[in-house]
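Step one of this worksheet: look at the structure below.
The values are calculated or read from the model by the stated rules, or taken from the named source; none is laboratory data. None of the values given here were measured: they were computed from a predicted structure. When we count neighbours, we look across all protein chains shown, and the Cβ atoms used for this are built from the backbone with ideal geometry, even at glycine. Surface areas here come from the heavy atoms of the whole protein model, side chains and all, with no ligands, DNA or RNA. Shrake-Rupley method; radii C 1.70, N 1.55, O 1.52, S 1.80 Å.
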Amino acid sequence: MGKKAKNEKKPKGAEKTAAKMEKKVSKRSKREEEDLEALIAEFQSLDAKKTHVVETACPPPAPRLNASLSAHPDKDELILFGGEIFNGKKTYLYNDLFFYNIKKNSWVKSEIPNPPPPRCSHQAVTVSQGGGQLWVFGGEFASPNGEQFYHYKDLWVLHLATHTWENIKAPGGPSGRSGHRMALSKRQLLVFGGFHESTRDFIYYNDIYSFSLDTFSWSRLSALGTAPSPRSACQMTSMPDGSGVIIYGGYSKVRLKKDIEKGTIHSDMFLLKQEGKDGQEKWAWSRLNPSGNKPPPRSGFSMAVGPAGRSVLFGGVCDDEEEETLEGDFYNDIYLYDMVKNRWYPGHCRGNKPDKKKRRRGKKDEADGEAADKVTEEEGPQGPTEVIKEIVTEDGTVMTIKEVIPGAQEVGEDEDEEEEDVSASALVEPCPRSSAMAAMRQGKLYLYGGMFEVGNRQFTLNDLYCLDLHKMDQWEVLIEMDPKTQEWLEESESEDDDDDEEEEMEGGAEGGEEESDEEDGNNHPAVKDEETLSEYQARTEQYWIGLARTNMGPDTKDKKVAKVALAMAKVFYEDGLEDA
């Protein structure tokens, strides 16, 4: 018996391979991380000089992605921490802390002594104990040139009642990583997956760790069954009864040859459940096969836990990888997953419909209005739906990055009325994006920031939207994106060239006004007096399509060009309004 037990403890072949790869990656990245540790130490020494909490009313935080946005456990507040931005030449990491007051629609920057060092792609979870706490684990720090990475394995807690940071030093936790997921399950924090990367190697994880909020100790869980394949950036949702978590999707890549890598977008779903009596609990993986309309494959989507046992998925990007090009479709759609029914639903906004149309439709429309707080019934979602055809690999685990989405129309609806609905709802809608921050409070989804790309340029956002999931009528704009915050520096330009161009534009060189306007991106159609965004987009549609086509190339699909054109018009709308 003793010999058999000894053999059972030996790691399996796949585990051995993963352990060797982790050791290899860790060894190669050690020198890089040592270089960055000195830079991180400088940030911490500056923060250590702060001795008092300073809270300042402020405008919205700078544009960013891969930050954490969490709902305060006891107040109508959102907590934003960390994140990153790339301006075309340099990568900047943040460790600033902001509180958003939902009722007042206002931001406060809170400078607290000895915070965690700057990071992105970390995870944060709020709990009610101790007057409210924000727990932060892991993430990464990158050098300004984006060529070196430091992966954190530290655990921090922000005591919301006293506004103090505390570094929890507990042994036995996960290795350094980013892109992992963390969720609260009863009295423990569960951490799954993520990746660790150096300039030459990388590894993706599928391990699961538990941190007890009672004993402040880590433990690695040995779950029965087949676990999800290694991945990062998945969706991890706690079951309503706290018995476990659900894992959906994610991203991973493998190295085919020395300089060739292949990325995979995962679309499978798993349940990790705890069973058994106290002191004899066992964890087990099982594969889920949900019904309904599943989201098309994507990465970089945002996630939040909604009311009535539903998780919410927003946006993301689907990259079409070819030999020498990488082109992405960005989304701004919503999908809801019902954990009780094990079913996906597309979340369509109904829009604000005019009263005259409600009278014209009569009792049928009134019945629809009474059911507005329900996204769907047993028979499926009401209104237009997306029919999705997905291709699955032989093992049924990984879905390819190709989808067909034919437009579906509502049965028995007048075409003119449908067009009016579209124009009404189009007035308020986040532009397509990936890596946005999402949080849920009182049944409302809050969405902040993220990014999208046009050609080689990356737009990083700092707008804030809200959607009431009970009504599902339309998005509410809480904070418009400020075009002045958009900065993009071409990688080929030197700092001296940037200074020369800036001086030339400020000096207003004679005869060069039109050329300067083209270079700084302001030579776009002006916004007319009292013109709405929808009207501006319709009037200037061909201009933006031409500009998007120039950036994206002649082989890009018309649908993708049109989507990007609308996003560009929205980004520059406020700037054009000021020019008018």
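Look at (1) over 23 Å from Asp259 (Cα atoms); (2) touching a residue at least 60 places away in the same chain (Cβ under 8 Å) and you find that Arg220 fails only one, number (2). Residues of the stretch 283-319 that are more than 26 Å from Ala223 (Cβ to Cβ), among the hydrophobic types (A, V, I, L, M, F, W, C) and not in a strand (DSSP E or B): Ala308 alone. Here is the figure for the stretch 544-560: residues that are surrounded by fewer than 20 Cβ atoms within 10 Å (Cβ to Cβ) and in a helix (DSSP H, G or I) total 9. Scanning the stretch 196-206 for residues that are part of a strand (DSSP E or B), within 29 Å of Pro296 (Cβ to Cβ), of a type in the set (Ser, Thr, Tyr) and in contact with an Asp or Glu (Cβ under 6 Å, 6 or more places away or on another chain) turns up nothing. Could we say that Gly250 is at positive phi, open to solvent by 40 Å² or more (accessible area, probe 1.4 Å) and small (Gly, Ala, Ser) here? Answer is no for this residue. Quickly run through the stretch 42-54 and pick out the residues that are in contact (Cβ under 8 Å) with a residue 60 or more places away in the chain and assigned to a strand (DSSP E or B). Residues satisfying the conditions do not exist here. Restricting attention to the stretch 169-183, the residues being open to solvent by 20 Å² or more (accessible area, probe 1.4 Å) and either farther than 19 Å from Ile246 by Cα or modelled with pLDDT under 95 (or both) number 6.
Of the residues making up the stretch 114-141, those that are aliphatic (A, V, I, L, M) and either over 17 Å from the mean Cα position of the chain (by Cα) or open to solvent by 30 Å² or more (accessible area, probe 1.4 Å) (or both) are Val127, Leu134. Among the conditions (1) out of contact with any Phe, Trp or Tyr (no Cβ under 9 Å at 6 or more places or on another chain); (2) aromatic (Phe, Trp, Tyr); (3) closer than 25 Å to Thr264 by Cβ, the only one that Phe216 does not satisfy is (3). Residue-level analysis places Trp135 outside the set of residues that are farther than 15 Å from Leu189 by Cβ, among the aromatic types (Phe, Trp, Tyr) and touching a residue at least 12 places away in the same chain (Cβ under 8 Å). Apart from one condition, Glu493 fits all of (1) modelled with pLDDT of 50 or more; (2) assigned to a loop (DSSP other than H, G, I, E, B); the exception is (1).
Being over 17 Å from the mean Cα position of the chain (by Cα), within 30 Å of Arg181 (Cβ to Cβ), polar (S, T, N, Q) and open to solvent by 50 Å² or more (accessible area, probe 1.4 Å) is a condition met by no residue of the stretch 50-65. Residues in the stretch 92-113 that are open to solvent by 50 Å² or more (accessible area, probe 1.4 Å), in a loop (DSSP other than H, G, I, E, B) and either in contact with a His (Cβ under 6 Å, 6 or more places away or on another chain) or charged (D, E, K, R) (or both): Lys103, Lys104. If you go through the stretch 434-445 one residue at a time, do you hit one that is at pLDDT 90 or above, within 23 Å of Lys563 (Cα to Cα) and surrounded by fewer than 18 Cβ atoms within 10 Å (Cβ to Cβ)? The answer is no, given that none of the residues of the stretch 434-445 is at pLDDT 90 or above, within 23 Å of Lys563 (Cα to Cα) and surrounded by fewer than 18 Cβ atoms within 10 Å (Cβ to Cβ).
Filtered by the rule that a residue be buried (at least 19 other Cβ atoms within 10 Å of the Cβ) and not in a strand (DSSP E or B), the stretch 149-162 gives Tyr152, Leu160.
Residues of the stretch 528-543 include none that is modelled with pLDDT under 70, open to solvent by less than 50 Å² (accessible area, probe 1.4 Å) and not in a loop (DSSP other than H, G, I, E, B). Is it the case that the stretch 172-181 has a residue that's under 20 Å from Pro116 (Cα atoms), part of a strand (DSSP E or B) and in contact with a Pro (Cβ under 7 Å, 6 or more places away or on another chain)? Among the residues of the stretch 172-181, not one is under 20 Å from Pro116 (Cα atoms), part of a strand (DSSP E or B) and in contact with a Pro (Cβ under 7 Å, 6 or more places away or on another chain), which makes the answer no. Determine, yes or no, whether Lys262 is out of contact with any strand residue (DSSP E or B) (no Cβ under 8 Å at 6 or more places or on another chain), open to solvent by 20 Å² or more (accessible area, probe 1.4 Å) and either of a type in the set (Lys, Arg) or under 23 Å from Val428 (Cα atoms) (or both). Against the criterion (out of contact with any strand residue (DSSP E or B) (no Cβ under 8 Å at 6 or more places or on another chain), open to solvent by 20 Å² or more (accessible area, probe 1.4 Å) and either of a type in the set (Lys, Arg) or under 23 Å from Val428 (Cα atoms) (or both)), Lys262 does not qualify. Among residues of the stretch 79-91 that are buried (at least 17 other Cβ atoms within 10 Å of the Cβ), those with a beta-carbon under 7 Å from a residue that is among the charged types (D, E, K, R) and not in a strand (DSSP E or B) at least six positions away or on a different chain give the pairs Gly82/Arg119; Gly83/Arg64; Glu84/Arg64; Ile85/Arg64; Lys89/Glu491. Residue count for the stretch 155-208 satisfying the condition of being out of contact with any Gly (no Cβ under 7 Å at 6 or more places or on another chain) and basic (Lys, Arg): 3. Has the stretch 300-322 got at least one residue that is modelled with pLDDT under 95, closer than 22 Å to Leu65 by Cβ, open to solvent by 50 Å² or more (accessible area, probe 1.4 Å) and not acidic (Asp, Glu)? Yes, there is a match, as at least one residue in the stretch 300-322 is modelled with pLDDT under 95, closer than 22 Å to Leu65 by Cβ, open to solvent by 50 Å² or more (accessible area, probe 1.4 Å) and not acidic (Asp, Glu).
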